[in-house]
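Reviewing the structure listed below.
The values are calculated or read from the model by the stated rules, or taken from the named source; none is laboratory data. The shown structure was predicted, so the numbers you read here are calculated from the model rather than taken from an experiment. Here Cβ is always computed from backbone atoms with ideal geometry, including for glycine, and neighbour counts include all displayed protein chains. For the accessible areas, the whole protein counts, side chains as well, though only heavy atoms, and no ligand, DNA or RNA atoms are used. Shrake-Rupley method; radii C 1.70, N 1.55, O 1.52, S 1.80 Å.
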Amino acid sequence: MASPSVSTLSQVKSVLIDISGTLQLQGALTLNAESALKQLRKAGLQLRFVTNVTDDTRAEITAKLQSIGVQADEGEVYTSLQAAKVVIEDNEFQPFCLLPYKAKQEVYNAPTPKEPNCVVIGYSPEHLNYRSMNDAFRILYEKEAKLIAVHKATYFKVPNGVMLGPGPFIEALESATGKKALFVGKPEPKFFYSVIKDLRSTASETVMIGDDVVSDVLAAYKAGLQGILVKTGAYIKGDEKHLHRKEYTFLAENFAHAAEMILNAKK
């Protein structure tokens, strides 16, 4: 692995932090994470807590972070719902949303338009049924409408087994309409560009810290950011072998160690 003092990390002004598996595990902060966050703030670095979670609002995610000792405000939390909102606003789309009510409010805080020109789909068990899917199909098939996917998870692990994610439903709409979905969550480059824009930063000045070598670190690298893989959460021994550009991707024991690498590089 590259030295913690490598010059590329010295350029960092903004830090993207994956929440689950990186900053916290099973509802508790990882070792020395609270102190590490304080040191990053003290050094004047901008922080964004990033996630693909769509069943909690930014306010709820912020409250959960605060409950485990993270001094965060709502504006520092960035989810794939915010990325979808940016796409909708930038293109002045009128969306039909296959999302839970509170998630829809994050994306489009207004009644469903009479003439929607895009479909936004995410994890929403109550909406991913034949009637709603058929409504979405008609919008996409009969109009020049765009399909926007918040994320493409195929399934989720739950305490009593597994549950379907939005991925198969997205593929069904793609197959039926011949249209390709625009994915806006991790690991898509658009997600990282959206966060960087929110930070008013640049890719070369931004680093992503995460536990998923593909969706966090390599995805960030492909978007022009630097990445630090932590050996917690989703990390599997040997994942670091995928860090093929060692001057831009790094390995740390945990989040606190990743923060230490950044701070040491900036001395």
Largest first, what is the accessible-area ranking of MET163, MET208 with a 1.4 Å probe? MET163, MET208
Once amide H atoms are built 1.01 Å from N in the peptide plane, which residues 5 or more positions from ILE148, or in another chain, come under 5 Å H to H? VAL119, VAL120, ILE121, LEU182
Listed pairs LYS104/LYS186; LYS85/LYS143; LYS179/LYS222 exceeding 23 Å between Cα atoms: LYS179/LYS222
Largest first and in whole Å, what are the equivalent-ellipsoid semi-axes of the stretch 76-225 based on the Cα gyration tensor, each being the root of 5 times an eigenvalue? 26, 19, 14
Can you bin every Cα-Cα distance in the stretch 223-264 into 10 Å intervals starting at zero and give me the percent of pairs per bin, rounded to whole numbers? 29, 57, 15
With the convex hull built on the Cα atoms of the stretch 70-154, state its orientation-averaged projected area in nm². 6.6
Principal-axis tilt of helix 58-67 within the chain, Cα atoms, nearest 10 degrees: 40
In whole angstrom, and with the biggest value first, how far do the Cα coordinates of the stretch 200-252 range along each principal axis? 34, 20, 16
Relative contact order (percent) for the chain, with alpha-carbon contacts under 8 angstrom and 6 or more residues of separation? 25
Got a number for carbon plus sulfur as a percent of the chain's accessible area, 1.4 Å probe? 50
Quick one: the Cα spread of the stretch 167-243 along its three principal axes, in angstroms, biggest first? 40, 34, 17
Calculate how steeply helix 167-177 sits against the longest principal axis of the alpha-carbon atoms of the chain, using the helix alpha-carbon long axis, and give the answer as 0 to 90 degrees to the nearest 10. 40
Using a Gaussian network for the chain with springs between C-alpha atoms less than 10 Å apart, which of these wobbles most: GLU144, GLU188, GLU89? GLU144
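Between LEU25 and LYS114, what length in nm is gained on full extension when 0.36 nm per residue of separation is reduced by their alpha carbon distance? The partial results should precede the final answer.
Details: separation 89, 0.36 × 89 = 32.04 nm, distance 4.32 nm.
Value of the extension gain: 27.7 nm.
Give, in whole angstrom and from largest to smallest, the semi-axes √(5λ) of the equivalent ellipsoid of the stretch 1-133, with λ running over the eigenvalues of the Cα gyration tensor. Intermediate values should be presented prior to the final figure.
Numbers: eigenvalues 233, 60, 34 Å².
The equivalent ellipsoid of the stretch 1-133 has semi-axes of 34, 17, 13 Å.
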Which percentage, to the nearest 5, of the DSSP beta bridges contained in the chain is antiparallel? 15
Computed for the chain: size of charge dipole around the Cα centre, +1 on C-beta of each Lys and Arg, -1 on C-beta of each Asp and Glu, debye to nearest 20, value 400
Please report the Cα spread of the stretch 115-202 along all three principal axes, rounded to whole Å, starting with the longest. 42, 41, 20
Per residue, accessible area of the chain with a 1.4 Å probe, heavy atoms of protein chains only, in Å², comes to 48
Taking θ as phi - 60°, what are the ³J(HN,Hα) couplings along the stretch 29-36 by the Karplus curve (6.51, -1.76, 1.60), each to the nearest whole Hz, with x for Gly and Pro? 5, 5, 3, 6, 5, 4, 5, 4
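Which GluC sites (Glu not before Pro) from the stretch 193-267 combine a DSSP loop assignment with at most 15 other Cβ atoms within 10 Å?
In loop regions of the stretch 193-267 (DSSP not H, G, I, E or B), the sparsely surrounded GluC sites (Glu not before Pro) are GLU247, GLU253.
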Please list, in order along the stretch 183-188, the HN-Hα scalar couplings obtained from phi with the Karplus expression 6.51 cos²θ - 1.76 cosθ + 1.60 (θ = phi - 60°), rounded to whole Hz, x for Gly and Pro. 8, 10, x, 4, x, 5
For the Cα atoms of the chain, what angle does the longest principal axis make with the long axis of helix 80-91, in degrees from 0 to 90, nearest 10? 60
Percent of Cα-Cα pairs more than 11 Å apart in the stretch 29-68, please. 71
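How would the chain be classified by its alpha-carbon gyration tensor: rounded, prolate or oblate, with rounded meaning a/c under 1.5 and the a/b versus b/c comparison settling the rest?
Note, shape of the chain comes out prolate.
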Please list 3J(HN,Hα) in residue order for the stretch 142-147, calculated via the Karplus relation 6.51 cos²θ - 1.76 cosθ + 1.60 where θ = phi - 60°; whole Hz, with x for glycine and proline. 8, 10, 7, 9, 9, 9
Rounded, prolate or oblate (a/c below 1.5 giving rounded, otherwise prolate when a/b exceeds b/c) for the stretch 161-208 by Cα gyration tensor: oblate
